[in-house]
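Scroll down for the structure; my scribbles are underneath it.
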Amino acid sequence: MSRRHAHALAPGVSLRCFGEYVASDEHDFHQVVLGLDGAMEMSVDGVGQRVDSRHAWLIPAGARHEYAGIGENRHLVLDLPATTLAVPERLFARAAVLTLDERTASLVRDVARSTEQASNRFAWGAAVRLTSALVGASGLAAPVAGLDFPRIDRWLRARLSEPLRVADLAAHCGFGVRRFHQLFDDAFGTTPHRYLQRLRLDTSLTLLPDPRNTLTEIALSVGFGDQSAFTHAFTRRFGVAPGQWRAMTAH
């Protein structure tokens, strides 16, 4: 069975069981298929690999893929429009199979346990947690002339509360500033400052559900000078103020 999905406007996180018949699919958003229980066979652009609790497929937008479940199975599927979250563009440059470590596999199980009661707001936060883990666990080698994008992503995430000094990051990677900007745009699909801004707002989504975190504390922890600046940037990106997002998430 072949079908084409409509464009997804926000991250989607869902639990799915796949039948034993062979189906095919193609969509205009990226997708990650993560195993939970049982397994399935999947082929992307002619390359086959079983998906189970230790293996996941990264499927770029537009990639034709065929799949069939093996007996009883359950999978967590993450749908990602290309510019929804702070994800290095090169992560989806080609289809790839990831081997998940225990920490990432545990996160997948944790997200799956909460998914049945998931709202759109939950999907955003869950997608942030999953993509962060996948970038760190991807093990995808950067081209010789390119950047080690998982390493840079980790470097930025560890310094969200600090001002970004591109010259320092460029030197850390062994490049001059101009060349670094070119390579960064190639790997991440945007500038360092814009990517960091998206990372900051993505991370705030994982902090908002905990009422012990005040909005001011969240703002400072992800690198905004005050709550007002955070609220302005958050509202511009997500369409509602962080306090409203927190209230909607709580229900």
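Here are a few things to note about the model shown:
- Sorted peptide list for 154-161, 190-197, criterion being average Cβ within 10 angstrom, highest first: 190-197, 154-161
- Ordering of 35-41, 66-72 by burial proxy (mean other Cβ atoms within 10 Å per residue, highest first): 35-41, 66-72
- Calculated P(r) of region 59-100 - Cα pairs past 16 Å, %: 50
- For the chain, the relative contact order works out to 17 percent when only alpha carbon pairs closer than 8 Å and six or more residues apart are counted.
- In plain terms, the chain from residue 28 to residue 213 could stretch by 63.0 nm, reckoned as 0.36 nm per residue minus the Cα-Cα distance.
- Using heavy atoms of the protein chains and a probe of 1.4 Å, the accessible area assigned to residue 232 is about 120 Å².
- When region 19-129 is reduced to its Cα atoms, the Kirkwood hydrodynamic radius in Å: 14.4
- The average projected area of region 139-251, computed from the convex hull of its Cα atoms over all directions, is 7.9 nm².
- For the chain, convex hull of alpha carbons as volume per residue, Å³: 125
- Estimated 222 nm signal from helices in the chain, with DSSP H stretches of n ≥ 4 weighted -39500 (n - 2.57), rounded to 500: -13000 deg cm²/dmol
- Estimated dipole of the chain in Debye, rounded to 20 [Cβ of Lys and Arg +1, of Asp and Glu -1, Cα centre]: 660
The values are calculated or read from the model by the stated rules, or taken from the named source; none is laboratory data. Quantities reported herein were computed from a predicted structural model and do not represent experimental measurements. We place every Cβ from the backbone using ideal geometry, glycine too, and count neighbours over all the protein chains shown. With ligands, DNA and RNA removed, areas are computed over all heavy atoms of the protein, side chains included. Shrake-Rupley method; radii C 1.70, N 1.55, O 1.52, S 1.80 Å.
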